[in-house]
Structures are given as C-alpha cells and as structure tokens.
Amino acid sequence: MQTLIFATNNHHKVTEVEQILGKRWNIISLKEAGIDIDIPEPHATLEENAREKSTTIHKLTGQDCFSEDTGLETDALGGEPGVHSARYAGDGRSFEANIAKLLLRLQDEKNRNARFRTVISLIWEGKEYQFDGICEGTIIEKNKGIDGFGYDPVFIPDGDTRTFAEMTLAEKNRYSHRRKAMDKLIAFLENVIREKNQD
Ligand code: IMP
C-alpha cells in the first residue's frame, strides 16, 4: 500500500479522507508523522494557502504529501467568509462563534446560496499539482444536527434536505467538496502509478 502524508492538524478532515480512501492508501497525519507545527495560512487564496501547507511539510520531510484548504463562500456576502472561514470570528477558530457571525451577517438576506470549495495541493516526486472540489448548497437560519465540524450544522447541500451535521460521514461524502477534490487526486495518483508500472 502506498503511503502519503496528509498535512493537516484537523482530525475531522483526516477521518473524512480515510473514509474516502478506504484501504487504497495509507494516510499519515502530521501527528502520526511526529510533526508538531501550526502551518500558517497567510495568503488571499485557497490555492496559495494549500500550497504553503504542502510545501512546508515537503521541505521538512522530503516525502510525498498533500494538504487542503477549504472555504465557505456565500453569494449574499460577496463570497464571505471564503479564505477567512477558519478565523471568521477571530483567532480562536471557534466553530460556534464562526457560525454565529455568519448567521448574524445573513439574517436579513433572502439569498442563502453558498458553496464549500476545497483545493488540494499534492507534492508528488517534488512537483506540485492542485485539484479542486465544490459543493453547492444553502445556509439555514438555525443550527441543525450534531455531527461533522465547522459550518456543517448550517449547510444543506443541494439534493438533500438535511444539513451535513445531520448526516453520517458516508452520506456527507456523497456530496462533499472534499470528496470531489479527493476523487481527482486519487485518479491522478492511480494514473501515474499505472504508467510507472508499465515502464
Ligand atoms: P481550513 O481549510 O482548515 O482553513 O478550514 C476553513 C474553515 O472552514 C474552518 O473553520 C473549518 O471548520 C471550515 N470547514 C472546512 N471544511 C469544512 C466542512 O467540510 N464542513 C464544514 N466546515 C468546514
């Protein structure tokens, strides 16, 4: 089985990605790799932040790795919170405070359309590749459900009536931005490995 470092400290993301990959790949989180750093996300785009995380970990380990950056974009607020999703209500990165701020900012808005967007940055044999995934949906007015993380309790994906926080992991992964980006990553890796084995 191939091994890849997933450059994140977010255990929710690790669990989701492991569920998507099944037994195909062995994922090592930063904690499991013995790396204890908080990688900065200083840039104005998800693409640059994802690259910052993967290149930081590649420089430290010299190993193949990938990272991801995700943002929630609302139409009524011109794409807010977007790249600032994690620290929307401050550096505490509190899920509750972030949701409270979002619901307050949207309280008089009729247009509740929003999307999660994930950008994965993969460093494979020293080169960087990016893959994205989008999940369209709506923001409801009050939290519903207790599973998941982040903005899951207020986000209903198109095609369902439940929030992500009311779904099992497998159900969320049917719709999710992260799964769509992971599907592209997996297709890329399977292809390069197939080509390598043919040489
Ligand atoms: P980051 O990618 O770790 O910077 O996360 C950005 C913010 O979006 C954090 O507040 C996360 O909690 C939130 N977030 C990222 N992915 C998801 C998701 O799948 N569901 C709900 N919130 C998410």
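The values are calculated or read from the model by the stated rules, or taken from the named source; none is laboratory data. Nothing here was measured: the structure is a model prediction, and the numbers come from that model. Methodologically, a virtual Cβ is constructed for each residue, glycine included, from the backbone with ideal geometry; neighbour enumeration extends over all protein chains shown.
Condition test on E109, is it out of contact with any helix residue (DSSP H, G or I) (no Cβ under 8 Å at 6 or more places or on another chain), touching a residue at least 12 places away in the same chain (Cβ under 8 Å), assigned to a loop (DSSP other than H, G, I, E, B) and on the phi < 0 side of the Ramachandran plot?
Here the answer is yes, as E109 does meet what is asked.
Is there a residue being surrounded by fewer than 20 Cβ atoms within 10 Å (Cβ to Cβ) and assigned to a loop (DSSP other than H, G, I, E, B) anywhere in the stretch 170-191? No, every residue in the stretch 170-191 fails to be surrounded by fewer than 20 Cβ atoms within 10 Å (Cβ to Cβ) and assigned to a loop (DSSP other than H, G, I, E, B). Going by what's in this entry, would E136 be described as modelled with pLDDT of 95 or more and within 18 Å of the chain's Cα centre (by Cα)? Taking the combined requirement at face value, the residue satisfies it. The set of residues in the stretch 1-35 being in a loop (DSSP other than H, G, I, E, B), of a type in the set (V, I, T) and under 17 Å from the mean Cα position of the chain (by Cα) consists of T8 alone. Kindly indicate whether E52 is surrounded by 15 or more Cβ atoms within 10 Å (Cβ to Cβ), acidic (D, E) and in contact (Cβ under 8 Å) with a residue 60 or more places away in the chain. Spelling it out, it is not the case that E52 is surrounded by 15 or more Cβ atoms within 10 Å (Cβ to Cβ), acidic (D, E) and in contact (Cβ under 8 Å) with a residue 60 or more places away in the chain. Which of the residues belonging to the stretch 144-180 are closer than 17 Å to R115 by Cα, away from the ligand (no atom under 11 Å from the Cβ) and in contact (Cβ under 8 Å) with a residue 12 or more places away in the chain? Answer for the stretch 144-180, where residues must be closer than 17 Å to R115 by Cα, away from the ligand (no atom under 11 Å from the Cβ) and in contact (Cβ under 8 Å) with a residue 12 or more places away in the chain: I156, D158, G159, D160, R162, K180.
Pick out the one residue from K59, K101 that is more than 16 Å from the ligand (Cβ to nearest atom) and outside any loop (DSSP other than H, G, I, E, B). Steps first, answer last, please.
On the way: K101 fails: more than 16 Å from the ligand (Cβ to nearest atom).
K59 is the lone residue from the list that is more than 16 Å from the ligand (Cβ to nearest atom) and outside any loop (DSSP other than H, G, I, E, B).
Per-residue answers, yes or no, for (1) touching a Gly at 6+ places or on another chain (Cβ under 9 Å); (2) more than 22 Å from T15 (Cα to Cα); (3) of a type in the set (D, E):
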{"position": "E96", "(1), (2), (3)": "no, no, yes"}
{"position": "R115", "(1), (2), (3)": "yes, no, no"}
{"position": "Q130", "(1), (2), (3)": "no, no, no"}
{"position": "T138", "(1), (2), (3)": "no, yes, no"}
{"position": "E141", "(1), (2), (3)": "no, yes, yes"}
{"position": "G145", "(1), (2), (3)": "no, no, no"}
{"position": "G148", "(1), (2), (3)": "no, no, no"}
{"position": "D158", "(1), (2), (3)": "yes, yes, yes"}
{"position": "A170", "(1), (2), (3)": "no, no, no"}
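Across the stretch 5-35, the qualifying residues are those that are over 22 Å from F149 (Cα atoms) and among the charged types (D, E, K, R), and the one among them that is farthest from the ligand (Cβ to nearest atom) is K23.
Please state which one of E136, E80, E141, E125 is surrounded by fewer than 21 Cβ atoms within 10 Å (Cβ to Cβ) and on the phi > 0 side of the Ramachandran plot.
Working: E136 fails: on the phi > 0 side of the Ramachandran plot; E80 fails: on the phi > 0 side of the Ramachandran plot; E141 fails: on the phi > 0 side of the Ramachandran plot.
E125 is the lone residue from the list that is surrounded by fewer than 21 Cβ atoms within 10 Å (Cβ to Cβ) and on the phi > 0 side of the Ramachandran plot.
Could you say which residue among S94, S85 is within 11 Å of the ligand (Cβ to nearest atom) and free of Cβ contacts under 8 Å to residues at least 12 places away in the same chain?
On the way: S85 fails: free of Cβ contacts under 8 Å to residues at least 12 places away in the same chain.
Of S94, S85, the one residue that is within 11 Å of the ligand (Cβ to nearest atom) and free of Cβ contacts under 8 Å to residues at least 12 places away in the same chain is S94.
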